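These notes are about the structure you will find just below.
The values are calculated or read from the model by the stated rules, or taken from the named source; none is laboratory data. The model shown is predicted, which means the values in this text are computed figures rather than measured ones. Quick reminder, even Gly has a Cβ in these numbers, built from the backbone with ideal geometry, and neighbours come from all protein chains shown. For accessibility, only protein heavy atoms count, side chains too; no ligands or nucleic acids. Shrake-Rupley method; radii C 1.70, N 1.55, O 1.52, S 1.80 Å.
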Amino acid sequence: MKETLTGAQALIRALEHENVDVMFGLPGGCILPAYDPLIESKIRHILVRHEQGAGHMAEGYAHVTGRPGVAMVTSGPAATNLVTPLCDAYMDSVPMVGITGQVPTAAIGTDAFQECDTVGITRSITKHNELVMSAQDLPMVVRQAFHIATTGRPGPTLIDIPKDVLQNEMTWYWPSDDEVLDSLPGYRPNVKGHAKMIKEAARLILAARQPILYVGGGVLKARAAAVLRELAELTQIPVVTTLMARGAFPDSHPLCLGMPGMHGTATAVTAMQKSDLLIALGSRFDDRVTGKVSAFAPDAKIIHVDIDPAEQGKVRRPDVPIVGDCRLVIEEMLKAINDLLQSGEKQADVGPWRSRVSGWREQFPLAYDQSEPGAALKPQFCLEKLRDGAPEGTIVVSGVGQHQMWTSQYWNFEEPYTWVNSGGLGTMGFAVPAAIGAKVGRPDKTVWAVDGDGCFQMTAQELVTASLERIPVKIGILNNTYLGMVRQWQEMFYDERFSEVNLSGTLPDFVKWAESMGCVGIRVEDPQEAEAAIDKANSINDRPVVVDFRVAEDEKVFPMVPAGKSNDDILLHHSQDSRREFLK
Amino acid sequence: MSGKNPYGQDSQHHVLSVLVQNRPGVLARVSALFARRGYNIFSLAVAPTEHPDYSRITIVVDLASAPLEQMTKQLFKLVDVVRISELDPRHSVERELIMATVKATAEQRGQIVELTNIFEGKILSVGVDAVTVSLDGSPSNIDDFMAALNQYGIVESQRTGLVALPKLDRAASAGAAKSPKGKAS
Ligand SMILES: Cc1ncc(C[n+]2csc(CCOP(=O)(O)OP(=O)(O)O)c2C)c(N)n1
Ligand SMILES: [Mg+2]
């Protein structure tokens, strides 16, 4: 029987058919019709305080569940508020579907109230976007948006829906998989790697004397952590996990060298530099990893596995390019390696390489100066306490800045999908809403956000959302009263000429602010208080908690490869400078 | 778009023939991608194909601005892009159209008509002190024609930009080149 629905009803039903269980949003004029059938829907809607929050919540949800996050907002200013999260999701390949209201079709192009060219503005920061001109198209467009967001290299898609399209009637249908594929003749992601290339890669891997597995976020997107571990253990090749891949390989594993890049461990950075074979898995040779590209891993051959063909050769020409899904390709790689081994081929001895790497690890652990008695808390100390007090499986989310780098460095990531951060875009204000989204996606897990005092002030109002919606996230602010990361650059590269980086030691009062938003607020000023405060925060499960750690203002993140410099010029913590020779 | 003449001796141009789904905004997607990634375009021509669902965009790209491989791979990421053929100038047929209005006194008019006939062009319109001519041909042919007209003074001109198709090799079947299904690079 043919069923007539309004566009709005069709939209909500289509979302239900896509198994959307929660969406984040805020209504307004043009999207109003869509909010009416939502009352009857089983989809949970979380009302945010700012649309940027809705977008980052959708991202946080997607990061930890692997399912697309959905954000729905109105036209004009609401759509522009969604721009930052869309770009963030695009840079970090996060599956997400944005839905925006648009002025009625007849008003498009007239500078109508709250009209903006949403599709035009978001064209270069979405994997695909679509302005829907007929209610009849809605189910197909929704299916396409979810299909595109979640397949191939994941990313954000956006559906822009004029108000009259939501109000008009349509005849309900639900397109089949084949119909969706037929409607997208130009979209055929290649998931299966080329067999010959995989074989070639296996040969290179067995022949390498100084190989490194350079693991990026694509491994998490492909849900390939288990096969990655098999590959590492079979070949005994050390692993580095980029900022986007923390948790893809356990930090406690003897083969794990931690994070490479600008603030990576000296071991990870140096091991890549000296390597004769980089096996890049779902990583994209980001400038924050390579440093000066021409000086990056100069002697290494490259095997590059990525589902996005455009990543091959974008920065560094691979010797063996393999376009495909990391999990499928690694599985095939394991087979190819085992075949070679069975046919009598021997792996080159990586023993000497491993002992060299272990030597670096012993000589160059992460280091900071403990605070003198009576002096301010050290942020690294707070992180160690947070890490050690966190229940198993805790998800940690961060903002952007020094605190982010320390979190990535000092946390122990043991499981995939326990780390959520804004890597590519580096969006201050990401942490609070992303943590809320993560907690919504994984209510069974403890979610800690480690935020900066600067970042927190960009999106803190979403804690009102969290309190009202009973989403008990925990926020630890590493409050150094500065835009710390910028301060660090000014100190190191601008002769300590501090320009517009001092936020204020007195305002805001984060504890009172937290309390005013329905959270428990705790202040920690002394190292002695840290553990008790963290225990208290961990014991509260009926509302959000904010811990204001008053930390030293002048602490810097080390190691550091200054921007544009070669990774060989890595700056170490001063206590390790005298051992620099060992890195040669 | 870059102002340089793409067809000079040392030019680094390459022709991409891009089959796209015939949907609103597709040209904007393609041109926005070129702008955002810093790829230069010498010319771009677009029109629907024999199949109403598809349009063909012929883009002359500047290889000095980025490697061809990156350009085609990034283009492929556009969902509306169905197929890209890289047309090496040596293995493709290329055509361009120019229209030009040239100053012409009554005495000069005959010379211009003669010149146009030599190039196998057309006279489109004749005014008191100017004529408008057109020519379709290979880009270098058009360059020569422009140079010849220049001595009279070109008042206005418009080139269409290049359009191109693969040169048929004698054995190939024409149908194989036409199927829009699936990506090939
Ligand atoms: C939206 C946005 N604006 C500006 C920046 C540039 N930026 C990067 S880190 C940083 C400082 C962040 O300060 P805070 O949140 O206090 O973190 P800290 O570095 O002190 O740990 C700034 C301003 C950014 N990444 N994002
Ligand atoms: Mg700060």
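Listed residues B:SER43, B:SER65, B:SER55; which is among the hydroxyl-bearing types (Ser, Thr, Tyr) and either at pLDDT below 90 or not assigned by TED's automatic domain parsing to the domain that holds B:LEU19 (or both)?
B:SER65
I'd like to check which helices (runs of 4 or more DSSP H) are fully inside the stretch A:160-222 and have at least 3 residues that are buried (at least 23 other Cβ atoms within 10 Å of the Cβ).
The qualifying helices (runs of 4 or more DSSP H) are A:163-167, A:195-207, A:217-221.
Among the numbered criteria (1) touching a residue at least 40 places away in the same chain (Cβ under 8 Å); (2) in contact with a strand residue (DSSP E or B) (Cβ under 8 Å, 6 or more places away or on another chain), which one does B:SER65 miss?
(2)
Do you know which residues across the stretch A:471-485 are hydrophobic (A, V, I, L, M, F, W, C) and within 9 Å of ligand 2 (Cβ to nearest atom)?
A:ILE477, A:LEU478, A:LEU483, A:MET485
Can you pull out the residues in the stretch B:48-103 that are closer than 27 Å to A:PRO321 by Cα and acidic (Asp, Glu)?
B:ASP62, B:GLU69, B:ASP80, B:GLU86, B:ASP88 - these are the residues of the stretch B:48-103 that are closer than 27 Å to A:PRO321 by Cα and acidic (Asp, Glu).
Any residue in the stretch A:455-476 that is outside the structural domain of A:LYS385 (by TED's automatic domain parsing) sitting within a Cβ distance under 6 Å of a residue that is within 15 Å of ligand 2 (Cβ to nearest atom) and at pLDDT 95 or above? List the pairs, counting only those 6 or more apart or interchain.
From residues that are outside the structural domain of A:LYS385 (by TED's automatic domain parsing), there are no pairs.
Count, please, the residues in the stretch A:392-401 that happen to be open to solvent by less than 20 Å² (accessible area, probe 1.4 Å) and either over 24 Å from A:GLN488 (Cα atoms) or more than 16 Å from ligand 2 (Cβ to nearest atom) (or both).
Residues flagged as open to solvent by less than 20 Å² (accessible area, probe 1.4 Å) and either over 24 Å from A:GLN488 (Cα atoms) or more than 16 Å from ligand 2 (Cβ to nearest atom) (or both) within the stretch A:392-401 amount to 5.
Among the residues of the stretch A:304-321, what is the count of those that are away from every other protein chain (no Cβ under 13 Å) and more than 18 Å from A:ALA225 (Cα to Cα)?
Within the stretch A:304-321, residues that are away from every other protein chain (no Cβ under 13 Å) and more than 18 Å from A:ALA225 (Cα to Cα) number 2.
When residues of the stretch B:83-106 are filtered for being of a type in the set (A, V, I, L, M, F, W, C) and in a helix (DSSP H, G or I), how many remain?
Qualifying residue count, the stretch B:83-106: 1.
Quick one: in the stretch A:481-497, which of the residues that are within 13 Å of ligand 1 (Cβ to nearest atom) and more than 23 Å from A:GLU525 (Cα to Cα) is farthest from the other protein chains (Cβ to nearest Cβ)?
Of all residues in the stretch A:481-497, those within 13 Å of ligand 1 (Cβ to nearest atom) come to A:481-491.
Still in the running and more than 23 Å from A:GLU525 (Cα to Cα): A:486, A:489-491.
On the way: A:VAL486: 27, A:TRP489: 26, A:GLN490: 30, A:GLU491: 33 Å.
Across the stretch A:481-497, the extreme among qualifying residues is A:GLU491.
Take the residues in the stretch A:439-470 that are farther than 17 Å from A:ALA537 by Cβ and within 16 Å of ligand 2 (Cβ to nearest atom), then tell me which one is most open to solvent (accessible area, probe 1.4 Å).
Top of the filtered list is A:MET458.
For the stretch A:50-131, please list each of the strands (runs of 3 or more DSSP E) lying entirely inside it that holds at least 1 residues being more than 14 Å from chain B (Cβ to nearest Cβ).
Once the strands (runs of 3 or more DSSP E) in the stretch A:50-131 are filtered for at least 1 residues that are more than 14 Å from chain B (Cβ to nearest Cβ), what remains is A:69-73, A:96-102.
Please list, ordered by first then second residue, the pairs with beta carbon atoms under 7 Å, 6 or more apart or interchain, first in the stretch A:402-429 and more than 19 Å from A:SER93 (Cβ to Cβ) and open to solvent by 10 Å² or more (accessible area, probe 1.4 Å), second away from ligand 1 (no atom under 12 Å from the Cβ) and among the aliphatic types (A, V, I, L, M).
Here the result reads A:GLN409/A:MET259; A:GLN409/A:LEU366; A:TYR410/A:LEU366; A:TRP411/A:VAL396, each pair linking the stretch A:402-429 to a residue that is away from ligand 1 (no atom under 12 Å from the Cβ) and among the aliphatic types (A, V, I, L, M).
Kindly indicate whether any position in the stretch A:109-124 is in contact with a Lys or Arg (Cβ under 6 Å, 6 or more places away or on another chain) and open to solvent by less than 10 Å² (accessible area, probe 1.4 Å).
no
Any idea which residue in the stretch A:142-153 is surrounded by the fewest Cβ atoms within 10 Å (Cβ to Cβ), counting only those that are farther than 13 Å from B:VAL79 by Cα and out of contact with any Leu (no Cβ under 8 Å at 6 or more places or on another chain)? Lay out the reasoning, then the answer.
Here is the first cut: in the stretch A:142-153, the ones farther than 13 Å from B:VAL79 by Cα are A:142-143, A:146, A:150.
Still in the list and also out of contact with any Leu (no Cβ under 8 Å at 6 or more places or on another chain): A:143, A:146, A:150.
Working: A:ARG143: 21, A:PHE146: 24, A:THR150: 19.
Top of the filtered list is A:THR150.
Name every residue in the stretch B:58-82 that is part of a helix (DSSP H, G or I), under 16 Å from B:VAL30 (Cβ atoms) and at the interface with chain A (Cβ under 10 Å from one of its Cβ atoms), in order of residue number.
B:GLN70, B:MET71, B:THR72, B:LYS73, B:GLN74, B:LEU75, B:PHE76
So in the stretch A:290-320, with the set limited to residues that are part of a helix (DSSP H, G or I) and not aliphatic (A, V, I, L, M), which one is most open to solvent (accessible area, probe 1.4 Å)?
Keep residues of the stretch A:290-320 that are part of a helix (DSSP H, G or I), which gives A:290, A:293-295, A:309-311.
Of the ones still in play, those that are also not aliphatic (A, V, I, L, M) are A:290, A:294, A:309, A:311.
Numbers: A:THR290: 1, A:SER294: 101, A:PRO309: 54, A:GLU311: 12 Å².
Looking at residues that are part of a helix (DSSP H, G or I) and not aliphatic (A, V, I, L, M), I get A:SER294.
If you take the residues of the stretch B:28-52 that are away from chain A (no Cβ under 12 Å) and outside any strand (DSSP E or B), which of them is nearest to B:ALA164 (Cα to Cα)? Break it down into steps so the answer makes sense when it comes.
Restricting attention to the stretch B:28-52, the residues satisfying the condition of being away from chain A (no Cβ under 12 Å) are B:38-50, B:52.
Applying the additional criterion that residues be outside any strand (DSSP E or B) yields B:38-40, B:49-50, B:52.
Details: B:GLY38: 24, B:TYR39: 20, B:ASN40: 18, B:THR49: 13, B:GLU50: 15, B:PRO52: 19 Å.
By that ranking, first place goes to B:THR49.
Inspect the stretch B:83-93 for any residue being within 14 Å of chain A (Cβ to nearest Cβ), buried (at least 17 other Cβ atoms within 10 Å of the Cβ) and at pLDDT 95 or above and give the result as yes or no.
yes
Taking A:VAL450, is it more than 30 Å from A:THR65 (Cβ to Cβ), within 12 Å of ligand 1 (Cβ to nearest atom) and among the aliphatic types (A, V, I, L, M)?
Taking the combined requirement at face value, the residue does not satisfy it.
Within 18 Å of A:LEU383 (Cα to Cα) and part of a helix (DSSP H, G or I): does that describe A:VAL432?
yes
With the requirement that a residue be surrounded by fewer than 24 Cβ atoms within 10 Å (Cβ to Cβ), among the polar types (S, T, N, Q) and in a loop (DSSP other than H, G, I, E, B), what does the stretch A:225-277 give you?
A:GLN236, A:SER252, A:THR265
Does the stretch A:526-584 hold any residues that are closer than 30 Å to A:ARG356 by Cβ, among the aliphatic types (A, V, I, L, M) and either modelled with pLDDT of 95 or more or open to solvent by 70 Å² or more (accessible area, probe 1.4 Å) (or both), and which are they? Before you say what the answer is, go through the steps one by one.
Keep residues of the stretch A:526-584 that are closer than 30 Å to A:ARG356 by Cβ, which gives A:556-584.
Within this subset, residues satisfying the condition of being among the aliphatic types (A, V, I, L, M) are A:557, A:560-561, A:563, A:570-572, A:583.
A:VAL557, A:MET560, A:VAL561, A:ALA563, A:ILE570, A:LEU571, A:LEU572, listed by residue number.
From A:VAL215, A:VAL165, A:VAL180, which residue is within 13 Å of another protein chain (Cβ to nearest Cβ) and of a type in the set (Val, Ile, Thr)?
A:VAL180
Listed residues A:LEU47, A:LEU15, A:LEU11; which is out of contact with any helix residue (DSSP H, G or I) (no Cβ under 6 Å at 6 or more places or on another chain) and open to solvent by less than 20 Å² (accessible area, probe 1.4 Å)?
A:LEU15
Given the conditions (1) more than 25 Å from A:LEU572 (Cβ to Cβ); (2) out of contact with any Lys or Arg (no Cβ under 9 Å at 6 or more places or on another chain); (3) surrounded by fewer than 24 Cβ atoms within 10 Å (Cβ to Cβ), report the number of the one that A:ASP287 does not fulfil.
(1)
Among what's in the stretch B:16-27 and is facing chain A (nearest Cβ under 8 Å) and of a type outside the set (Gly, Ala, Ser), pick the residue that is surrounded by the most Cβ atoms within 10 Å (Cβ to Cβ).
Only one residue fits best here, namely B:VAL20.
Which of (1) open to solvent by 10 Å² or more (accessible area, probe 1.4 Å); (2) among the hydrophobic types (A, V, I, L, M, F, W, C); (3) in contact (Cβ under 8 Å) with a residue 60 or more places away in the chain does A:VAL329 not meet, given it meets every other one?
Only one criterion is unmet by A:VAL329, namely (1).
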